[in-house]
Amino acid sequence: MDPEATVIDPYYPKRRPYLVITLLRIHCMQQWYCLSDRCRQGG
């Protein structure tokens with residue numbers, strides 16, 4: 001497991017739909033490329 005994932009893992013729910021490292025990569029790419037999640041913006 002990646003070092004970043006081991007830090008996040010204790011705080012992540014035990015029932016996981018996605019791997020921690022996958023969510024971390026998605027989050028970083030959204031920040032780096034100024035991508036947004038339209039569903040969370042409310043329309």
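Exactly one of these conditions fails for D37: (1) modelled with pLDDT of 85 or more; (2) outside any helix (DSSP H, G or I). Give me its number. Result: D37 fails condition (1) only. When the stretch 16-34 is filtered for residues that are in a loop (DSSP other than H, G, I, E, B) and at pLDDT 75 or above, the ones remaining, listed by number, are P17, Y18, L19, Y33, C34. If the condition is being in a loop (DSSP other than H, G, I, E, B) and among the acidic types (D, E), then the stretch 1-15 contributes only D2.
The values are calculated or read from the model by the stated rules, or taken from the named source; none is laboratory data. Computed from a predicted structure; not experimentally measured.
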